[in-house]
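Have a look at the structure below, then the notes.
The values are calculated or read from the model by the stated rules, or taken from the named source; none is laboratory data. What you see is a predicted model; the values in this text were computed from it and never measured. In this analysis, Cβ positions are derived from the backbone assuming ideal geometry, glycine residues included, and neighbour counts consider all displayed protein chains. The accessibility values were calculated without ligands, DNA or RNA, using every heavy atom of the protein model including side chains. Shrake-Rupley method; radii C 1.70, N 1.55, O 1.52, S 1.80 Å.
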Amino acid sequence: MTEETNCLALRVIVPDPPEVGATVEVRPLVDGTDVVATGLPGEPAEPPFRLLAPETPLLASSEPHEVRLAEAVCTEECCGALYVTIRRDGDQVVWYGWRDPDSSDPELPDFRFDARQYRAEIDRARSDRSWEWTAYTVARLLWRDLEQRPQPFERWSCLLSGAHSYPWERDRINIFFMYPCRPSSAEPWLQFRIVWPVTETDPLTQAAEFAERIRTADPRELGEICGGSPENARQLGYSWPR
């Protein structure tokens, strides 16, 4: 194809200074222009654990699929999000169908990328971990391990929902999970959080040690309730935290 193509760059932005609530973002730049700043101004882009995961949704195939690039701080349901549809078209990747469920469609054009440059940039961004701090690396490795082997949570009717280290508290990780596993809207549910300190020793070793702790105990006994309601807690036999 002879049509002129765009150039994709994926920039990981770590907040500095790390204010409480600030997140690490993956900002997609097209020909140097930040598309999130244009399509959803003032809101954060999606984090690396979503856009730069091994099974990143940014990869393109002939089957179109929609990808969320950003969500409003107060959640999508409140103030919107930025979605784009991605598909492979021969030796190009196309971004089109921009959408914000909270307002009129963003004023962004279709973009066409050379498929080789596009894939090379995704691979580069996924392999570049120079921005990570130790606890972030531990959380990423632990999350990956527990996703691949979820039996410790399933055994106790729990569902892992994430493992994170936040920019404003780089000396610990937070592991979140739901109980029961997949409640319906009519059933009581609780969210639990496990908080563990992290040192500057080998991240892989620490992640393995944390995974072993979870595999040898009821995760609900390792953490504390951080979501749900007092009534849900009562129905499930727990005390609501003060």
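The phi torsions of region 80-95, fed into the Karplus equation with coefficients 6.51, -1.76 and 1.60 and a -60° offset, translate into couplings of x, 7, 10, 10, 9, 9, 10, 8, 8, 10, x, 9, 10, 10, 10, 10 Hz, rounded to whole numbers, with Gly and Pro shown as x. Highest-first packing order for the peptide set 128-137, 71-80 is 128-137, 71-80, based on the mean count of other beta carbon atoms within 10 Å. At a probe radius of 1.4 angstrom, the accessible area of the chain per residue rounds to 53 square angstrom. FRET efficiency for the pair Leu59 and Trp131, taken as 1/(1 + (r/R0)^6) with r the Cβ-Cβ distance and R0 = 25 Å, rounds to 0.70.
Taking each residue as 0.36 nm, the span from Glu66 to Arg242 lengthens on full extension beyond its C-alpha to C-alpha distance by 59.3 nm. Could you let me know the centre-to-centre spacing of region 48-101 and region 168-234, using Cα atoms, in angstrom? Answer, in whole Å: 28. Seen against the Cα atoms of the chain and their longest principal axis, helix 203-215 is set at about 50 degrees.
Positive end of the dipole of region 46-204, charges at C-beta (+1 Lys, Arg; -1 Asp, Glu), about the Cα centre: which of Thr75, Val195, Trp168 has its Cα farthest in that direction? It is Val195. Match the structure shown to one of the listed values [x] 17.5; [y] 19.9; [z] 18.2 of Kirkwood radius over Cα pairs in Å, computed from it, and give that label. Recomputing Kirkwood radius over Cα pairs in Å here gives the entry labelled [y].
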